[in-house]
1. When you look at Gln59, is it under 25 Å from the mean Cα position of the chain (by Cα), under 30 Å from Val18 (Cβ atoms) and modelled with pLDDT of 95 or more, yes or no?
2. Within the stretch 11-20, work out how many residues are outside any loop (DSSP other than H, G, I, E, B) and surrounded by 17 or more Cβ atoms within 10 Å (Cβ to Cβ).
3. Pairs please, first residue from the stretch 66-85 and surrounded by 11 or more Cβ atoms within 10 Å (Cβ to Cβ), second anywhere and part of a helix (DSSP H, G or I) and of a type in the set (Lys, Arg), Cβ atoms under 9 Å, 6+ apart in sequence or on different chains.
4. Return the residues of the stretch 72-109 that are aliphatic (A, V, I, L, M) and over 20 Å from the mean Cα position of the chain (by Cα); say none if nothing qualifies.
5. May I ask you to say which residue of Ala82, Ala101, Ala131, Ala125 is of a type in the set (Gly, Ala, Ser) and modelled with pLDDT of 95 or more?
6. Of the numbered conditions (1) part of a loop (DSSP other than H, G, I, E, B); (2) in contact with a helix residue (DSSP H, G or I) (Cβ under 8 Å, 6 or more places away or on another chain), Val79 fails exactly one; give the number of that condition.
7. Name every residue in the stretch 24-51 that is assigned to a strand (DSSP E or B) and either of a type in the set (Ser, Thr, Tyr) or crowded, with 18+ Cβ neighbours inside 10 Å (or both), in order of residue number.
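The values are calculated or read from the model by the stated rules, or taken from the named source; none is laboratory data. All of these numbers come straight from a predicted model, not from anything done at the bench. When we count neighbours, we look across all protein chains shown, and the Cβ atoms used for this are built from the backbone with ideal geometry, even at glycine.
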Amino acid sequence: MTRDESLSIGEVAARTGVRPSALRYYESVGLLPPPPRVSGRRRYGELTVGFVALVQLAQRAGFRVDEIRTLLHGFTPDVAPAARWQQLAAQKVVELDERIAAAQRMRSMLDERMRCDCRRVEDCARLLVTADVDLESTRSRRMPPSPTGGSHAHHTDRHTASARRTAPPARPTPRARD
């Protein structure tokens, strides 16, 4: 055994903050090469600590296991690490931008729902189905369509005014637990 292969799985775990089970998982999915064994026990080299740090960095950046495997092993040896990061990061930024846009659409829908003044769920559902087309087209320019196909613009002036003429909305009461 050389000095380069002197770390036990517990020592690598302690130095990297990763559980031994995670190290075995990284090995099983091809992120880490299988280490040599001495008397049936895994023995890791110092370089493994660096590879684990690289895996952790990629995970924090949002890369999935398959993407990390591509980063580490999916390029020909002549492709520099910087070029690998640049290519994969560019793809990840596009994915991240899509996720941010989806989150912003979700936020817009939630903001609209917080302004809901319907007294009954049936009123809200009916208004979603029968919303004024002109109001819908005006709002759809500002807000993406609802993923459920409904209208974001179900609060017309007529609806809001009629709801205000009635009693104030009842507060929801928690359900009794069995």
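1. yes
2. 3
3. Close Cβ pairs (under 9 Å, with a partner that is part of a helix (DSSP H, G or I) and of a type in the set (Lys, Arg)) amount to Glu67/Lys92; Thr70/Arg84; Leu71/Arg84; Leu72/Arg84; Gly74/Arg84; Phe75/Arg84.
4. If the condition is that a residue be aliphatic (A, V, I, L, M) and over 20 Å from the mean Cα position of the chain (by Cα), then Leu72, Val79, Ala80, Ala82, Ala83 are the ones that fit.
5. When all the criteria are applied, what remains is Ala101.
6. The one condition Val79 does not meet is (2).
7. Arg42, Tyr44
Yes/no per residue for (1) outside any loop (DSSP other than H, G, I, E, B); (2) assigned by TED's automatic domain parsing to the domain that holds Ser8; (3) within 16 Å of Ser6 (Cβ to Cβ); (4) among the β-branched types (Val, Ile, Thr):
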{"residue": "Ala22", "(1), (2), (3), (4)": "yes, yes, no, no"}
{"residue": "Leu54", "(1), (2), (3), (4)": "yes, yes, no, no"}
{"residue": "Ile68", "(1), (2), (3), (4)": "yes, yes, no, yes"}
{"residue": "Ala83", "(1), (2), (3), (4)": "yes, no, no, no"}
{"residue": "Gln91", "(1), (2), (3), (4)": "yes, no, no, no"}
{"residue": "Ile100", "(1), (2), (3), (4)": "yes, no, no, yes"}
